[in-house]
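Asks: One structure follows; several queries about it will come next.
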Amino acid sequence: MGRRSWLTVVAAILSLGWSVSSAGERLLVYAVNYPLQYFAQRIAGEFAEVVMPVPPGVDPAFWQPDAAMISDFQSADIILLNGAGYAKWVSRVSLPRRKMVDTSAGFSEHYIDTEGGQTHSHGREGDHSHAGTAFTTWLDFRQAVEQARAVRDALSRLAPERGDIFADNFLDLERDLLELDTRLAAIVARDPEKPLLASHPVYQYLARRYSLNLESVLWEPDVVAPENEWRGLAQLRAGHPAGWMLWEDEPSAENRQRLLQLGVQSAVFDPCANRPQAGDFMSVMSDNVAKLKRLFDQEIDNQDG
């Protein structure tokens, strides 16, 4: 074999080696909350490292990253944002625009504006207000599908050679989310006028999509509300006689007991904004739906009895 032929072979080998190496590289994806991390990991599989750096027990909506963490976000290939005013720290720092993906931009005209500006404490995140735009967009499972689709599209733009894999994985995720959507819609349809309470104004998209007759207060699970708020709850129930309150997390024994004395039972519907202690996004949401089914079934059983 002549010199020219050997050079051609070597060049081909080097070219092949580069292609294999490039194809083996994983995308680095940073997400501002756990639902987006879950969606990205389901869709990308082994082809991406997906990071959601908020510590356990902290609400990602109100978490504040330090300078080192902001630098980590800047180094990512993709930065997944929730949109709807979620993670306000994003608007106060410099992140590469070409890397940012607002996953709810496609339905931004359907954001829910919230009223009132009452400020309160939320654990380690400090004081904050829920005024502005409701941001737990993924609790409408059809909107969650749209957010997952935005994740798929972003991944495919960066790694088009894996677009078919991402598309197939997205379809599996979409199927799971739409199954939850169908189940929950059927449960609420049995008694759409049933009055419910929420301990926190985080269920707006859930209530709108599934026609829940829901009124919210501003209570924390581990803090017993002051007496004036208990009086306010009694006034609220005079026109909205709810027998159940939904909580983001397990309420304290005192909260449960005082509510029971008023004829109100407690149920946890976890928005799953941060990583759960056990299971994953899908198992937590499936458990949430199962709890609502038991809640609605119990009411029907009581009426039948």
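Asks: If D222 satisfies every condition in (1) within 24 Å of the chain's Cα centre (by Cα); (2) open to solvent by 70 Å² or more (accessible area, probe 1.4 Å); (3) at pLDDT 95 or above but one, which is the exception?
Replies: In the conditions (1) within 24 Å of the chain's Cα centre (by Cα); (2) open to solvent by 70 Å² or more (accessible area, probe 1.4 Å); (3) at pLDDT 95 or above, D222 misses (3) alone.
Asks: Test each condition in (1) open to solvent by less than 40 Å² (accessible area, probe 1.4 Å); (2) under 26 Å from N33 (Cα atoms); (3) touching a strand residue (DSSP E or B) at 6+ places or on another chain (Cβ under 8 Å) for E250 and report the one that comes out false.
Replies: Condition not satisfied by E250: (1).
Asks: Regarding D59, is this residue among the charged types (D, E, K, R), under 16 Å from R275 (Cβ atoms) and within 18 Å of the chain's Cα centre (by Cα)?
Replies: Working: among the charged types (D, E, K, R): yes; under 16 Å from R275 (Cβ atoms): yes; within 18 Å of the chain's Cα centre (by Cα): yes.
When the stated conditions are applied, D59 passes them.
Asks: Any residue in segment 32-54 that is without any contact (Cβ under 8 Å) to a residue 24 or more places away in the chain and over 15 Å from I79 (Cβ atoms) sitting within a Cβ distance under 8 Å of a residue that is open to solvent by 20 Å² or more (accessible area, probe 1.4 Å) and part of a loop (DSSP other than H, G, I, E, B)? List the pairs, counting only those 6 or more apart or interchain.
Replies: Listed pairs, sorted by first residue: E46/R26.
Asks: Just checking, which of R190, R149 is among the basic types (K, R) and modelled with pLDDT of 95 or more?
Replies: Values: R190 fails: modelled with pLDDT of 95 or more.
Within the list R190, R149, the selection yields R149.
Asks: Could I ask something else about it? Across segment 266-275, which residue is least open to solvent (accessible area, probe 1.4 Å) among those that are out of contact with any Pro (no Cβ under 6 Å at 6 or more places or on another chain) and free of Cβ contacts under 8 Å to residues at least 24 places away in the same chain?
Replies: Filtering segment 266-275 for residues that are out of contact with any Pro (no Cβ under 6 Å at 6 or more places or on another chain) and free of Cβ contacts under 8 Å to residues at least 24 places away in the same chain, the one least open to solvent (accessible area, probe 1.4 Å) comes out as V268.
Asks: Test each condition in (1) closer than 30 Å to W63 by Cβ; (2) part of a loop (DSSP other than H, G, I, E, B); (3) among the aliphatic types (A, V, I, L, M) for V289 and report the one that comes out false.
Replies: Only one criterion is unmet by V289, namely (2).
Asks: Further question: Of everything in segment 161-194, what is farther than 17 Å from R149 by Cα, open to solvent by less than 80 Å² (accessible area, probe 1.4 Å) and either among the polar types (S, T, N, Q) or outside any helix (DSSP H, G or I) (or both)? Give them in sequence order.
Replies: Selection gives D191, P192, K194.
Asks: Identify all residues within segment 1-60 that are modelled with pLDDT of 95 or more, in a helix (DSSP H, G or I) and not small (G, A, S); write none if there are none.
Replies: Y34, P35, L36, Q37, Y38, F39, Q41, R42, I43, E46, F47
Residue-by-condition table, conditions (1) charged (D, E, K, R); (2) more than 19 Å from R26 (Cβ to Cβ):
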site	(1), (2)
D168	yes, no
D176	yes, yes
E179	yes, yes
A185	no, yes
A189	no, yes
P195	no, yes
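The values are calculated or read from the model by the stated rules, or taken from the named source; none is laboratory data. Since we're looking at a predicted model, the values are computed, not measured. No Cβ is skipped: glycine too gets one built from the backbone with ideal geometry, and neighbour counts run over all protein chains shown. These area figures cover heavy atoms from the full protein model, side chains too; ligands, DNA and RNA do not enter into them. Shrake-Rupley method; radii C 1.70, N 1.55, O 1.52, S 1.80 Å.
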